[in-house]
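See structure below.
The values are calculated or read from the model by the stated rules, or taken from the named source; none is laboratory data. It should be emphasised that the depicted structure is a prediction, and the values quoted were computed from it without experimental measurement. Methodologically, a virtual Cβ is constructed for each residue, glycine included, from the backbone with ideal geometry; neighbour enumeration extends over all protein chains shown.
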Amino acid sequence: MARARTKFIIGGVLVLGTAGYLMATAIGETGMYYLTPGELTAKVKGDSTFYDTGVKMGARVVPGTIEREPGGRAVSFRVTDGSQIIPVTYRGVIPDTFTDSVDVVVEGRYNREGTFVATTLLAKCASRYENAPDKYQSTPGYKAAKGPAA
Amino acid sequence: MILLGELSLWVALLMAIWSATVSFAGGRMSRADLAASGERAMYASFAFVALASIGLWTALITSDFSLRFVASYTSANLPTVYKFSAFWGGQAGSMLFWCLILSLYSALTLFANRKRNRELMPYVTGTLATILVFFLGTTAFSANPYARLDWIPPDGTGLNPQLQNPGMAFHPPNLYLGYVATSIPFAFAIAALVTRRLDAEWLAAVRRWSLVSWLFLTIGITMGMWWAYVELGWGGYWAWDPVENASLLPWLTGTAFLHSIMIQEKRGMLRKWNVTLVVATFLLSILGTFITRSGVIESVHSFAQSPVGTYFATFLIVAIIVTAFLVATRLKDLEARAELESMVSREAAFLYNNVVLVGIAFSVLWGTLFPIISEAVRGSKITVGPPFFNTVNIPLGLLLLALTGIGPLIAWRRASIANLKRQFAVPVTGGLFLGAALFALGMRDGYALVSYTLAGFVFTTIAQEFVKGVNARRRMHGEPVPVAFIRLIARNRRRYGGYIVHFGVVVLFAAFAGLAFKKEYDLSLTPGASFSAVDPYNRTWTFTSQGVSRYEELNRQVTAVVLEAKRAGMAPTLIKSEKRQHVDSRGQPTFEPSTEVGILESLRQDVYLVLHGVSGDDRETAEIRITFNPLVWWVWYGGIIMALGGLIVMWPQATRSGARRRAEGGYVVVMQSSERRPADVPEPPVEAGV
C-alpha cells in the first residue's frame, strides 16, 4: 500500500517537475521586460544590450503625433510616460481603439537611432468608457504559438 | 423608483450584516431562534437586492441620464436589449449584479436545506451573509450604480460597440453565475470545518452547486471565446489574456474537485484535498474578479483603475487566513479513511487527473501573476505571453486528454492484467489507427498527431462504454437499441453524462489541434481584382473584390467590402466585412471605429475576412486579411456538448425521492448493474441524494 503511494508521489513529482521545468525555460525564452519610456531610457543607458532586445513598453500616445500611411497598414507616433518621449514606428494591423491620448502597449525593439520599432500594438481604451476590449493583434508570438492547449 | 432602489441597496446591506452576525452567534450558542432570524434576514436581503436591481434596470430602460451609470453606458438610441444588458456592462452595475446572484443563490440554498443539514446551516448562512456584506458594502460605498450626476446630459455616452453583440449580452452573466456559485460550496466547507462535521454530508450538499458553477463557467467561457472570435477580429478565440485566464482558473480547480469528490465518496480518500479544492475554487473566482477590476495586471479588457481593487485584495487575504487557520486546526478530522492500493487503479488515474488540472491551474496563475511577482522580486516587470502558456499547457493538456480515456477504463482499487487487456485493446487500436491514417494523409505536425491519436483513443473509450452498456440492457431487458441507449443514460446520469462531457472534451481538443494548420493572407484588392490562396486542405480558393460600399444604419455609418469566394466544388459565395463608425442620436461619432468580420463557416474550416481599412485616391482599395481557421466550429460544438453532458449529470434522478426514502430507511441504494462498486464501501453511498 505504501508502495503505491510512493509510486504515485514519484509520478506526481515527475509530472509537476516537468511542468515546472517547462515554465522556467518558457519564462526565460519568452518573458519580456515591461517598461515605461523613462525606464527603457534608463535601462539602455546602463546596459547597451537593451538596444535590440525585445521589450514591451506601456505609455500614452502624444496627441497630434500620429501619422498614418495610406491604407491603414503602417503608422508612426510618439509616446510618453511624462518623463521621456519616444518615437514609435509600427507596421501591421492598427487597432480600432488606437487614437490620440490612449494608453498603448507596444512590443518590439528600441534601436540605436532612438526609435522604437514595434511589431505589436495594443491600445487600451480611453477613459471615456471602461471595459472596452481591444482588438488583440495577431502578434508574432501568437503566430509562433501553434494554438492554445486545454 | 430610483430612490426606492437606492434605499433598497442600503437596507439589503443592513439585513446582510444582521444575518451574518446572528447566524454565527446562533451557531456558536446553539440558539435556533438566532439562526432562524439570520435565515429570515438573508431572504429579506435577497428581496431588497432584487428591488435595487429592478430600480437600476428601470433607470436603464427608461434612459434616466441623471444616474452617472446610465449616462456612461447607454444612449437614447441604443437597442433595448443592450440597455438591459448594460446592467453588467460597467463596474458599478456588475457589482450589483453579483450581489443579486449571490443573494438569490443564498436564498435558494437556505430554502433547499430548510429541513436538512441543520447543524451546518447557521455557519453556511453566516459565511454567505459575510460574503454578501462584502459585495454589497463595496457596491454601496465605492461602486454605487445609483451615484448621480450634478447635471442631466441630453444623451448618454452609449455602450461600447464591441459590447453590442449577443455574445457579450450573455457571456458575463454566465460567468458571474459560475463564479458566484463557487461561494455555496465554500460556505459549506467553512461550516463543515467549524463544526468538524467533515463526512459525506457536506460533500453531498455541495456537489450539485459545484456542478452549477462548472456548468455556467463552461457556458460562459465558450461564449467568451465565441465573442472574441466574431467581434474582436484578430482571428482567434483565446489569447491567454489575464481576464480570460481568470475565468479558466476556477473552472480548472472546479473540474478537479468534481473528479476527486468521487474518490472521497467511494473510498474515503482525499478529504483534505477536497476541502482545499473547494476553498481554492472560491478564492480563485474572487481573485479573477480582483484581476478584472483592479487594473493591477495589464489586460486589454480590464475595468478602469478603482478603489474596488483594494477592497478585493483585503477580502482575499482575510479569506485565505481564515480558511488556512480552520484547515490547520482540523487536520486530524480530515484523515483519510483508506489508502491508495495500486498505481493501476481508477483512484490513481483520478489522482493524476487532479495533479494535471491543478498543475495547469498553477502554471496559468503563475503566468498571469508573473508581472507582479517579478516586479516584487527583481524590481522589474516581466510579462509572459501566449508562447509561455502554450509551451507549458500543451503537454499537460495532452496528458489530461490521455487520462480522460484511461480513467473510465481502469477498475477501482486494483486493476488486473486481464481487465486491462480487455478494456484497452479496442481504444488503443482506435487511437493508433486514427493517428496513422492522418499521418498517411500527410499530417506532419507532432503535437497535432499526438492530439488526434489521443482523441481517437478517448473517443473509442467512450463509444466502447456506451456499446457495452447498451448491449447489457438489450440482453437484460430486451430493449431495442435507441430505447436502451436513452435509458442507459437516464438511469445512470452521473456516469454517462460524464462520458458525454468527456466527448465534448475530445471535440475541443480536436479543434485546438486544428489551429496548428491556420493560414493567413494580408492583401490589398482594388474592385474587380482577384487573389488566389491555398487553404489547409490544399484546395485553391479565388477571392474577387466586389468593391467597397458606404451606407448608414440606425446608429452607425458603415464601410463594407464584399468578396466573392470561389473554390472547385462549391457555389460562389459572398463574404462581407465592415468598418463601423457608431454615432449618437445627433449623428455625432461616438467611440472609435469598430470592425465587423465576415466568416464563411463550415465544419472543416472558417474563412475569416477582416477589413482593415480602405486606401487609394478613390478610397476603393480594400486592405484586408483572409484567414483559414480549421475546425473552429468544433470549439463551439465541444462547449455545447460539454454543457449538455453537465446538464445530464445535474438533472435530478427521476427515482430520487424513492431511492432516498429507501436509503434513509436503512436499505443500501442498489447501484446500476453496470457500475462496479467494491463491497466494503467506507462511506454511505450518496448517489441517491445528490
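When you check B:Val505 against the structure, is it within 24 Å of B:Met262 (Cα to Cα), touching a residue at least 60 places away in the same chain (Cβ under 8 Å), out of contact with any Cys (no Cβ under 9 Å at 6 or more places or on another chain) and within 13 Å of chain A (Cβ to nearest Cβ), yes or no? Step through it out loud before you land on a result.
Details: within 24 Å of B:Met262 (Cα to Cα): yes; touching a residue at least 60 places away in the same chain (Cβ under 8 Å): yes; out of contact with any Cys (no Cβ under 9 Å at 6 or more places or on another chain): yes; within 13 Å of chain A (Cβ to nearest Cβ): yes.
Against the criterion (within 24 Å of B:Met262 (Cα to Cα), touching a residue at least 60 places away in the same chain (Cβ under 8 Å), out of contact with any Cys (no Cβ under 9 Å at 6 or more places or on another chain) and within 13 Å of chain A (Cβ to nearest Cβ)), B:Val505 qualifies.
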Which of the residues that make up the range B:533-566 are surrounded by fewer than 16 Cβ atoms within 10 Å (Cβ to Cβ) and closer than 14 Å to B:Leu609 by Cα?
B:Thr542, B:Glu564
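Confirm whether B:Leu351 is touching a residue at least 40 places away in the same chain (Cβ under 8 Å) and surrounded by fewer than 18 Cβ atoms within 10 Å (Cβ to Cβ).
Details: touching a residue at least 40 places away in the same chain (Cβ under 8 Å): yes; surrounded by fewer than 18 Cβ atoms within 10 Å (Cβ to Cβ): no.
No: the conditions fail for B:Leu351.
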Is there a residue being touching a Phe, Trp or Tyr at 6+ places or on another chain (Cβ under 7 Å), of a type in the set (S, T, N, Q) and loosely packed, with under 15 Cβ neighbours inside 10 Å anywhere in the range B:431-451?
no
What number of residues within the range B:397-422 are part of a helix (DSSP H, G or I) and either in contact (Cβ under 8 Å) with a residue 24 or more places away in the chain or buried (at least 21 other Cβ atoms within 10 Å of the Cβ) (or both)?
14
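Take the residues in the range B:452-492 that are basic (Lys, Arg) and surrounded by fewer than 18 Cβ atoms within 10 Å (Cβ to Cβ); name whichever of them is nearest to B:Val649 (Cα to Cα). Even if it seems obvious, please write down each step before you answer.
So the first thing to find is which residues in the range B:452-492 are basic (Lys, Arg), and the list is B:468, B:473-475, B:487, B:491.
If we keep only those that are surrounded by fewer than 18 Cβ atoms within 10 Å (Cβ to Cβ) too, we end up with B:468, B:474-475, B:487, B:491.
Numbers: B:Lys468: 20, B:Arg474: 23, B:Arg475: 25, B:Arg487: 14, B:Arg491: 11 Å.
The qualifying residue nearest to B:Val649 (Cα to Cα) is B:Arg491.
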Across the range B:163-200, what is the total count of residues that are charged (D, E, K, R) and either closer than 11 Å to B:Ser285 by Cβ or surrounded by 19 or more Cβ atoms within 10 Å (Cβ to Cβ) (or both)?
0
Give just the number: which of (1) in a strand (DSSP E or B); (2) within 14 Å of chain A (Cβ to nearest Cβ) does B:Asp617 not satisfy?
(1)
Do we find that B:Arg208 is more than 30 Å from B:Pro589 (Cα to Cα), surrounded by fewer than 21 Cβ atoms within 10 Å (Cβ to Cβ) and either basic (Lys, Arg) or touching a strand residue (DSSP E or B) at 6+ places or on another chain (Cβ under 7 Å) (or both) in this structure?
yes
Looking at the range B:358-391 only, could you name the residues that are crowded, with 18+ Cβ neighbours inside 10 Å and not in a helix (DSSP H, G or I)?
B:Lys381, B:Ile382, B:Thr383, B:Val384, B:Gly385
Given the criteria part of a helix (DSSP H, G or I), within 13 Å of another protein chain (Cβ to nearest Cβ) and in contact (Cβ under 8 Å) with a residue 24 or more places away in the chain, does B:Leu248 qualify?
yes
Kindly indicate whether any position in the range B:326-338 is aliphatic (A, V, I, L, M), more than 14 Å from every other protein chain (Cβ to nearest Cβ) and either touching a Pro at 6+ places or on another chain (Cβ under 6 Å) or free of Cβ contacts under 8 Å to residues at least 12 places away in the same chain (or both).
yes
Within the range B:198-233, restricting attention to residues that are more than 17 Å from the chain's Cα centre (by Cα) and within 14 Å of another protein chain (Cβ to nearest Cβ), which residue is modelled with the highest pLDDT?
B:Val230
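Quick one: count up the residues across the range A:19-34 that are facing chain B (nearest Cβ under 7 Å) and part of a helix (DSSP H, G or I). Please lay out each step first, then the result.
Let us first name the residues in the range A:19-34 that are facing chain B (nearest Cβ under 7 Å), namely A:19, A:22-23, A:26-27, A:30-34.
Applying the additional criterion that residues be part of a helix (DSSP H, G or I) yields A:19, A:22-23, A:26-27, A:30.
Result for the range A:19-34: 6.
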